[in-house]
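Visitor: Here it is, the structure in full.
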Amino acid sequence: MKRFLILALLLAGCSERGKAQAQAPAVATRQQSVISVTNIEKVRVTAGFEVITEGQRQVVNDGVLIRVSGLDPSMFEPRAMTRPDFIVGTSIGKVVVNPLATMGEARVLAPLPPAGSQATVWLPLPGVVATSLNATTLEQERQRAVSTTGYWYTFTAPSATAPTRQFATLNELKFAEQRQTLTRTQCEQELGKQCGTILESRLGPVDCGYCSFNQTCMPDNLCCTKTTCAQQGGQCGTLSDGCGGTMFCPCACPANEPYRCCDGITCSATKNCPGMACDPRPEPDGGATE
């Protein structure tokens, strides 16, 4: 009898514990952020910049430029099927500097949040196309992203008295933020280019430098080698240099004026043309050159 009483008490205790566990509310877990915002600036773009807010396109002038670090650069490779967007609050931000070019640090431009307010920058889950989301689905995706990934960070918007950087255009802002200087070889290997400044590339704004002597940088950022007078087949005067410009090739001096003057153009029968003649040919009477 005593044995049956002990067994009944044990069963009752297990039942009560089971009820308590069943009634305990589920606790939602929130993934810790793996990215951070290391710098925040107010900017104004006079010509404006286009953003998508809650599925609607709009052009704004006042923005916030944030520096986001801790990103995985491989997510932004050109071969990636869907490169993630940066969303600040409910607006899709513009990537000013690609994290692929800076080993995991991006610079993102978004509409300026209210002064001193809390705003969250976040990346949608892989495969989600942010531009296709409306206000409702955008909020649903934000909740999913914040609760399951580490790609979010909450920051405080600049105050009303914070200084504002001024730019005429979005391209000017991009150029000011990150202009990498590469050698000609690096530009050829990475971008297939050779010279000049490239504002839009997979590495962000890039300066590829200058072309070699007797070359000019073309609009496609490739070097063009100029032709020479010796290659003009005896033509003279103002001629095309083969690279979109012109050059002057002096005509050969006639037999009765065999000396080229120092201006590189005029011919003379003696070496007494404006200044001493530079052509080291003998005088007409066969005398020695000067």
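Visitor: Expected output is a single nm value to one decimal: the length gained when fully extending between residue 228 and residue 139, i.e. 0.36 nm times separation in residues minus the C-alpha distance. What is it?
Guide: Answer, rounded to one decimal: 25.6 nm.
Visitor: Taking a ≥ b ≥ c as the square roots of the eigenvalues of the Cα gyration tensor of region 30-169, is the shape rounded (a/c under 1.5), prolate (a/b larger than b/c) or oblate?
Guide: It comes out rounded by the Cα gyration axes.
Visitor: Quick one: Cα convex hull volume of region 86-171, Å³ per residue?
Guide: That works out to 127 Å³ per residue.
Visitor: With a cut-off of 8 Å between alpha carbons and a minimum separation of six or more residues, what is the relative contact order of region 70-213 in percent?
Guide: Averaging sequence separation for qualifying contacts and normalising by length gives 21 percent for region 70-213.
Visitor: Something else about it: Taking all protein chains as present, what is the carbon and sulfur share of the accessible area of region 132-227, in % to the nearest whole number, probe 1.4 Å?
Guide: 51 percent
Visitor: Moving to a separate point now. Bin all alpha-carbon pair distances of region 117-272 at 5 Å intervals from 0 and give each bin's fraction as a whole percent.
Guide: Going out from 0 Å in 5 Å bins, region 117-272 shows 1, 7, 9, 8, 9, 10, 10, 8, 8, 6, 5, 4, 3, 3, 3, 2, 2, 1, 0 percent.
Visitor: Treat each spin label as a single point 7 Å out from the Cα along the C-beta direction, and report the residue 160 to residue 197 distance in nm.
Guide: 3.6 nm
Visitor: Ranked from highest to lowest mean number of other Cβ atoms within 10 Å per residue, what is the order of the peptides 166-176, 230-240, 212-222?
Guide: Sorting 166-176, 230-240, 212-222 by mean packing, highest first, produces 166-176, 212-222, 230-240.
Visitor: Show me 189-201, 57-69 ranked by packing, highest mean number of other Cβ atoms within 10 Å first.
Guide: 57-69, 189-201
Visitor: So, one more: Using a probe radius of 1.4 Å on heavy atoms only, what accessible surface per residue do you get for region 104-221? Whole Å² is fine.
Guide: 51 Å²
Visitor: Using 0.36 nm per residue, how much length does the chain from residue 190 to residue 169 gain when fully extended, once their Cα-Cα distance is taken away?
Guide: 4.9 nm
Visitor: Also: Using alpha carbons only, what's the Rg to Rh ratio of region 124-195 with Rh from Kirkwood?
Guide: For region 124-195, the value is 1.14.
Visitor: Tell me, what ³J(HN,Hα) does each residue in region 228-235 have, in order and in whole Hz, if you take phi through Karplus 6.51 cos²θ - 1.76 cosθ + 1.60 with θ = phi - 60° and put x for Gly and Pro?
Guide: 10, 4, 5, 8, 8, x, x, 5
Visitor: Using only Cα atoms, figure out Rg for region 150-232 and give it as a multiple of 2.2 N^0.38 Å.
Guide: 1.63
The values are calculated or read from the model by the stated rules, or taken from the named source; none is laboratory data. What you see is a predicted model; the values in this text were computed from it and never measured. Every residue, glycine as well, gets a Cβ built from its backbone with ideal geometry; the counts of neighbours run over all protein chains shown. What goes into the accessible areas is simple: the full protein's heavy atoms, side chains included, and nothing from ligands, DNA or RNA. Shrake-Rupley method; radii C 1.70, N 1.55, O 1.52, S 1.80 Å.
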